[in-house]
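Participant: Dumping the structure here so I can ask a few things about it.
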Amino acid sequence: MIKKMALCAVLLFIVASAYGQNAPSWPCSDDLTKSEGDSRRVRVSLGVMETLAQHKALPDVSDLKGTKLSSTVILGVIIGKDGTVRCADPVRGDTDLFPRSVEAARQWRFRPYLLNGQPIMVSTMIEFVFKKGKVTAQAVNNL
């Protein structure tokens, strides 16, 4: 029993260390649906999300100029009824790039997605591709 508790403590420490100080905000999707009081949301395709995107922010990579950076970060995002990114959870990628990717994703804005004429929360993913000191981004279908 004590060995299991110690193992759990070590695993929690490793996970917390990997995410750094921002660990409490990841994952946030469960907290969001509880606070919103409406857990209904739909997954929306790449083409639709790209047409709904009104503002895309890219992570700041000015401090990475001159590095041989080549990585992709994928975030699971929940877009609120008002089109704002309510939640951004890292799914895959370089853990050192998670904080700047989450910060950029939270600045994205979309036109509200309508289902039967009513706005509804949307679940999708955003992919940031870091390559040679530059970043590109797109809303992607669930991978």
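Participant: Yes or no: Val48 touching a strand residue (DSSP E or B) at 6+ places or on another chain (Cβ under 6 Å), closer than 14 Å to Met125 by Cβ and of a type in the set (Val, Ile, Thr)?
Facilitator: no
Participant: Just to verify a result, which residue in the range 109-143, among those that are out of contact with any Leu (no Cβ under 7 Å at 6 or more places or on another chain) and polar (S, T, N, Q), is surrounded by the fewest Cβ atoms within 10 Å (Cβ to Cβ)?
Facilitator: Ranking the candidates gives Asn116 first.
Participant: Look at Leu75 and say whether it is more than 11 Å from the chain's Cα centre (by Cα), without any contact (Cβ under 8 Å) to a residue 60 or more places away in the chain and within 26 Å of Val44 (Cβ to Cβ).
Facilitator: When the stated conditions are applied, Leu75 does not pass them.
No lab work stands behind these numbers, since they all come straight from the coordinates. Here the structure is a predicted model, which is why all the values come from computation and not from measurement. Note that we place each Cβ from the backbone using ideal geometry, even for glycine, and neighbour counts take in every protein chain shown.
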